[in-house]
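Data block below; observations after.
Here, each number is a calculation from the coordinates, and none is a lab measurement. Everything quoted here is computed from the prediction, not taken from an experiment. Using ideal geometry, Cβ is built from the backbone for each residue, glycine included, and neighbour counts are taken over all protein chains shown.
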Amino acid sequence: MKNKGLIITLSVIGVIVIIFAILAISSYNGLVDQEEAVNAKQSTISVQLQRRADLIPNFVETVKGYSDYEQSTYTAVTEARSAVMKANGAEDQAAASAQLDSAIDIWVNAITEAYPELKASEQYRALQDELAGTENRIARARKDYNDAASEYNRSVRRFPKSIFAGMFGFEQVEYFEADEAANQVPQVSFD
């Protein structure tokens with residue numbers, strides 16, 4: 001009798017251990033997949049920001065051909081572009097991207113208003129379309145990143161995955177949020 005009770009107890013314990021192991025493995029693998037999806041989406045943002053940064057020198061050269069614009073505006077765009085290229089992580093990229101967005105808005109608006117014949121240039125229009133398309137891809141990449149981050153963060157916080165997330169060191173990731181300055185309308189001045 002005692003052996004039969006011991007066998008049943010050991011069997012129940014063995015089944016519980018197996019269920020726990022399967023749950024742990026499944027949770028771990030799911031969290032790894034979601035973390036990699038977040039990393040891939042972050043990389044897509046970086047690629048699109050790099051694309052935009054690569055288009056800016058061509059845009060600058062096109063405008064140079066038509067105008068003798070302010071050096072300070074060009075410097076602001078160049079510095080903002082460098083900041084984007086050096087940014088790491090969603091928070092740094094958001095801040096650097098907002099700085100570049102603002103500099104580009106001011107620069108493009110000032111140049112196109114000061115040199116209306118520039119708007120008619122085919123090369124200028126093509127580059128402006130490329131920049132606009134890139135801005136749309138950046139916005140989409142940010143949304144996709146935030147969607148993946150949301151799914152991952154929910155998994156990290158929900159029971160029972162939260163237990164395994166804590167055990168294996170999975171932590172929530174930051175969302176890509178616009179900088180406060182992005183809500184302000186850029187001021188264009190020809191003084």
Quote the FRET efficiency, to the nearest 0.05, computed for Ile16 versus Phe168 with a Förster distance R0 of 25 Å and r equal to the Cβ-Cβ distance.
-> 0.80
Once you have the Cα-Cα distance between Lys2 and Ile25, take 0.36 nm times their residue separation minus that, and quote the gain in nm to one decimal.
-> 4.9 nm
With labels modelled as points extended 7 Å from the Cα through the Cβ direction, what inter-label distance (nm, one decimal) is found for Arg140 paired with Glu36?
-> 2.4
Could you line up Val38, Val47 from fewest to most neighbouring Cβ atoms inside 10 Å?
-> Val47, Val38
